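This report refers to the structure that appears directly beneath it.
The values are calculated or read from the model by the stated rules, or taken from the named source; none is laboratory data. None of these values were measured; they are calculated from a predicted model. Cβ sites come from the backbone with ideal geometry, for glycine too, and all protein chains shown count toward neighbours. Heavy atoms of the whole protein, side chains included, go into the accessibility calculation; ligands, DNA and RNA do not. Shrake-Rupley method; radii C 1.70, N 1.55, O 1.52, S 1.80 Å.
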Amino acid sequence: MRRAWVVVLVVTLAMAGAVSAQTLSAKWEELTAGDFREALAKAQGTCLLPFGIIEKHGPHMPLGTDLLDVRYVTEHAVLQEYAVIFPAYYFGQIFEAKHEPGTVAYSPETQLKLLQETTDEMARNGCKKVVIVNGHGGNESLLPYFAQTQLAKPHDYVVYVQWGHEATKKVGAEKSGPDWHAGESETSNMLVTNPNLVHMDRAKNESGADQKRLKLPESVYTGIWWYARFPYHYSGDGSAATKEQGEADVQSWINTVVRAIRAIKADDESLKLQNEFYEKSQHPLDTVK
Ligand SMILES: [Zn+2]
């Protein structure tokens, strides 16, 4: 009888332990103020800012595709390597889709100001390593630029920008032409992250083919290039998507983010070098030997 009680007690304590371990969410908005402090310690001051966007994704996928995918990936990555995840963020560069319904395009000034205030607020709350995990191709000029602007004046934290992952082997036959937006790859990923939001029967309602309407050398850049090539804000063929392809790709993406979190947690150099740089920048004439 006594032994039975001990067993019950042990099992009960084990269950309570499991429950309390589960309750320390990685999501900023789900933590209590007290637990937030514990979460920051557990994360060693490392916080993720998954960066999505609200834009058309072909005729068959939701406006929030990039946001939904990058949150799915980060939420799975922190199960392997803990970090605190900032709430939904989608205030990026997306002027090229302003002609399509549902696009939310903030001004250039707001994009930079809001991002700076967001990372400043994260750092004020103890996130001394802010990792922007990018889920949207259109941010690939904005984010390195934002990281560069962190050198303009001193900060007591480091901004890291993470995007991309190792290419996965195509599961099906190799397709011709670009697959850059709402095509086979992105549709395959969505079949894993949010399959109920994909309308495969509509994937061929528009063309994702390259219209090649500009005749300029590769060394010349112009903002209208995307519209010139993909006027329907669709690049590739979503109907070729498979869940198998998506599983391989999403897993590779998660693994890449896990590796990045581990490397960033171990990085003691960036902040040290930043501080050294800020100090020297106060008296540049003294740095000449
Ligand atoms: Zn996308």
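Assuming a ≥ b ≥ c are the square roots of the Cα gyration tensor eigenvalues, decide whether the range 132-233 counts as rounded (a/c under 1.5), prolate (otherwise, with a/b larger than b/c) or oblate.
The shape class here is oblate.
Ligands, DNA and RNA are left out, and with a 1.4 angstrom probe the accessible area of the chain is 55 Å² per residue. Using a simple spin-label model with pseudo-atoms 7 Å out from Cα toward Cβ, Lys42 and Gln282 lie 3.8 nm apart.
If you count Lys pairs in the range 52-139 whose Cα atoms are under 30 Å apart, skipping same-chain pairs closer than 8 places in sequence, the total is 5.
Of the solvent-accessible surface of the chain, computed with a 1.4 Å probe over protein heavy atoms with every protein chain present, carbon and sulfur atoms account for 58 percent. Per residue, the convex hull spanned by the alpha carbons of the chain comes to 201 Å³.
Here is the list for the range 191-289: chymotrypsin sites (Phe, Trp or Tyr not before Pro) lying in DSSP coil, each with at most 14 other C-beta atoms within 10 angstrom of its C-beta, are Tyr221.
For the range 154-289, the number of Lys pairs with C-alpha atoms closer than 22 Å, counting only pairs eight or more positions apart or on separate chains, is 11. Sorting 184-190, 137-143 by average packing, meaning the other beta carbons within 10 Å per residue, from highest down gives 184-190, 137-143.
The 1.4 Å probe gives accessible areas that order Lys27, Lys128, Lys113, Lys215, largest first, as Lys215, Lys113, Lys128, Lys27. Between Glu244 and Ser107, the contour length at 0.36 nm per residue exceeds the Cα-Cα span by 45.5 nm.
Mean Kyte-Doolittle of at least -1.0 plus a Cα span of 20 Å or more along the axis: flag which DSSP H helices in the chain meet both, please.
2-23, 65-80, 243-266
Given only helices, namely DSSP H runs of n ≥ 4 each adding -39500 (n - 2.57), what is the per-residue ellipticity at 222 nm of the chain, to the nearest 500 deg cm²/dmol? After summing the helix terms and dividing by residue count, I get -14000 deg cm²/dmol.
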